[in-house]
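The values are calculated or read from the model by the stated rules, or taken from the named source; none is laboratory data. These numbers were taken from a predicted model, which means no experiment stands behind them. We place every Cβ from the backbone using ideal geometry, glycine too, and count neighbours over all the protein chains shown.
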C-alpha cells in the first residue's frame, strides 16, 4: 500500500477496494458488482481529470483494466492504479502533484466558482 | 484467506528503559499468551521466559525512493516465514498471535510496512496494534530530546504510561495531557511493573479488532477532553500536530480516495497517522487506518457501530500545518461532496 514503492505490491490498490470485494459471490463478470466497479472507474476518471487538467494531463480508461495518462505533447503512459498514477504524472510534468499546493487550490476554487458551497 | 484467519501482530515499542520488556514479561506469564510467538530485537537484562521467543537481527532494505517508512525489514520477513512454516508443519502449537518487541530507538513504521506490503505475509498476518510504553519519570525528557520517541507515540494505537508509582502525580498528569495532544487517536492507560490485564491490550478479540479500535478512537469527544491549556502557544515547525475533522454530509469515497492518495504521495512522510470512520453514503462506514505512506486496506463495513453516522477523520502530522489540510479539503469540497468542520487542532 505504499504510494511511493508501488512496484512491490501485488494486490489491488486500496483505492480500488470495496466492501463487495470480501464477498466471493459478487465477483462474477457482468454482475452488479462488475457494473459497480466500472461505474466507479468512470467516476474516478472524471474526478482525476478535474485535477489533472490543471497540470496539462488527461486520463482515459483503457478497457476497464488500466488507464492511459497523456500530456499535451502526446507523451502517454499506461498506469494500473493510483499507486502508479501520481509518480507517473510527476514524471511527465516534472513537478510534484500536491493537493496542498495553493496554486492548485486556487485553480480548483476558480473552476468551481459560482457553485453553492457544500454545507 | 480473509482477515479473520490472519494472525494478529502486536508491535510493542517505546523509548529505552520505558518498560517494554517488563510489560511483556508480565503479559507472557498469563495463560492466554501460551500460543503467542515473541520476536525481540535484543535480549535485555529482563529476561523473557517464554517458549517461543526468537531474536531478530536487524536487516533492512531501503527501497528505491528512500522513504524511511518503506523500509523492508528482511529479518522480520525471515522470522515470520519461519514461524509460519513451523506452524503449518505442526512443529509448534498453532499460533494465534505474534508480539514484536522493538529496540528503544526503533521507528515502528518499517515493521508495519513489511507486513502490509510483503506479498506472502499480508495473507497470513495483519498488524493488530502498535503499543507504545512511555516512562512517567523520564518520558517528557525523551519526548523533548528524541524525535524517535515522539514518533513512537504518534504511531501508537495504545499508549501505556509506566513507572507511575515513581513519578509525581502532576508530572503524570502533564505527561498524559501531552500524549493526548500528540496522539488523540490512541487509547491510554497506566501500568506499574507491567501489571496490566492482557485483555485490555489483546482482547477479548472482536472479529475486527482494528476496526473496533478505530471506531473507539476517532470520536471528536477525545479532543474536547484535553484542550490545549489557555495561553499555551501552538507548536510550529517540526512539532507533531493533530487535526480532527468532521463531515456532516456523506463523502464521495472515490473523490476522497483520490485526494488522500494524492496527499500521501506528496506528503506521506509527514502524515504520521490517519484514522477515520467515513460516511460514504453506504449502509456502513469505511474505516481508514494509515501510517505514513502505508494505508491498511480500508474496510467497508456493512453497518454503523452506533448512531453517530457523521464522518470523523484524524490526522497526526509532523512538520505539516493542519491548516493546510483543512484548506485543501475546503477547496476540494465540490469534488468530495462534503465540507469539513474542525473539531480540534
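Yes/no per residue for (1) crowded, with 20+ Cβ neighbours inside 10 Å; (2) in the same structural domain as residue B:180 (by TED's automatic domain parsing); (3) within 21 Å of the chain's Cα centre (by Cα); (4) at pLDDT 90 or above:
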| position | (1), (2), (3), (4) |
| --- | --- |
| B:253 | yes, no, no, yes |
| B:261 | yes, no, yes, yes |
| B:267 | yes, no, yes, yes |
| B:274 | yes, no, yes, yes |
| B:288 | yes, no, yes, no |
| B:294 | yes, no, yes, no |
| B:313 | yes, no, yes, yes |
| B:317 | yes, no, yes, yes |
For segment B:296-314, the count of residues that are within 13 Å of another protein chain (Cβ to nearest Cβ), in contact with a helix residue (DSSP H, G or I) (Cβ under 6 Å, 6 or more places away or on another chain) and in contact (Cβ under 8 Å) with a residue 60 or more places away in the chain equals 1
Considering segment A:31-51, residues that are closer than 18 Å to residue A:101 by Cα and over 9 Å from the mean Cα position of the chain (by Cα), and then whichever is surrounded by the fewest Cβ atoms within 10 Å (Cβ to Cβ), we arrive at A:50
When (1) modelled with pLDDT under 80; (2) within 13 Å of chain B (Cβ to nearest Cβ); (3) more than 15 Å from the chain's Cα centre (by Cα); (4) surrounded by 12 or more Cβ atoms within 10 Å (Cβ to Cβ) are applied to residue A:113, the one that fails is (4)
When every residue in segment A:57-84 that is within 14 Å of chain B (Cβ to nearest Cβ) and out of contact with any strand residue (DSSP E or B) (no Cβ under 7 Å at 6 or more places or on another chain) is compared, the one surrounded by the most Cβ atoms within 10 Å (Cβ to Cβ) is A:83
Selection over segment A:60-119 where residues are free of Cβ contacts under 8 Å to residues at least 40 places away in the same chain, within 18 Å of residue B:264 (Cα to Cα) and part of a helix (DSSP H, G or I) yields a count of 7
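If you check residue B:324 against the conditions, is it under 30 Å from residue A:106 (Cβ atoms), within 10 Å of chain A (Cβ to nearest Cβ), modelled with pLDDT of 90 or more and surrounded by 17 or more Cβ atoms within 10 Å (Cβ to Cβ)?
Values: under 30 Å from residue A:106 (Cβ atoms): yes; within 10 Å of chain A (Cβ to nearest Cβ): yes; modelled with pLDDT of 90 or more: yes; surrounded by 17 or more Cβ atoms within 10 Å (Cβ to Cβ): yes.
Here the answer is yes, as residue B:324 does meet what is asked.
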